[in-house]
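What follows is a short report on a single structure.
The values are calculated or read from the model by the stated rules, or taken from the named source; none is laboratory data. All values reported here derive from a predicted model rather than from experimental measurement. Here the Cβ positions follow ideal geometry from the backbone for every residue, glycine too, while neighbour counts run over all protein chains shown. Side chains are part of the model used for accessible areas, which takes the heavy atoms of the whole protein and leaves out ligands, DNA and RNA. Shrake-Rupley method; radii C 1.70, N 1.55, O 1.52, S 1.80 Å.
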Amino acid sequence: MARITTLVHMADIARVTVDDLRRGRQDVIDPALAHQLTTAIEVALLTAVRGERRECAAECTRRAELWERTMDNPDTNELLRTEARHRANEARSLADRIATRE
């Protein structure tokens, strides 16, 4: 459901952008060009969002690895080890949710 919402949202943003740009310029931007511009803007937005999501998922994975190293450190006390396990699990879960959200 989230994927469909995002795709529709980006398509709406692209369409509204082109509609605004086209207003008063219909003689220069015909419907065919408007469609091409809408598609190009939508692809650019989706590319940017997907790149940002990949970076966020990677950051979550880096944090999970940090907490896992803390958890695996023999000098870590039991209370911190438990906290590290919970935080690592949460970071892995967030990375997965972010990465799988197209």
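Residue by residue, here is whether (1) open to solvent by 60 Å² or more (accessible area, probe 1.4 Å); (2) modelled with pLDDT of 95 or more; (3) more than 15 Å from the chain's Cα centre (by Cα) holds:
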{"position": "ALA2", "(1), (2), (3)": "no, no, no"}
{"position": "ASP12", "(1), (2), (3)": "yes, no, yes"}
{"position": "VAL18", "(1), (2), (3)": "no, yes, yes"}
{"position": "LEU37", "(1), (2), (3)": "no, yes, yes"}
{"position": "GLU55", "(1), (2), (3)": "yes, yes, no"}
{"position": "ARG63", "(1), (2), (3)": "yes, yes, yes"}
{"position": "LEU79", "(1), (2), (3)": "yes, yes, yes"}
{"position": "GLU83", "(1), (2), (3)": "yes, yes, yes"}
Q: Write out, first by first residue and then by second, each pair whose Cβ atoms fall under 7 Å of each other, whose residues are 6+ apart or on separate chains, and whose first residue, in the range 69-92, is of a type in the set (Phe, Trp, Tyr) while the second is surrounded by 14 or more Cβ atoms within 10 Å (Cβ to Cβ).
A: none
Q | Residue pairs meeting the criteria (Cβ under 6 Å; at least 6 apart or on separate chains; first in a helix (DSSP H, G or I), in the range 1-18; second at pLDDT 60 or above and of a type in the set (A, V, I, L, M)) | A | MET10/LEU45; MET10/LEU46; ALA14/ILE41; THR17/ILE41; VAL18/ALA34; VAL18/LEU37
Q) Hey, ASP75 hits all of (1) surrounded by 12 or more Cβ atoms within 10 Å (Cβ to Cβ); (2) at pLDDT 95 or above but one; which does it fall short on? A) (1)
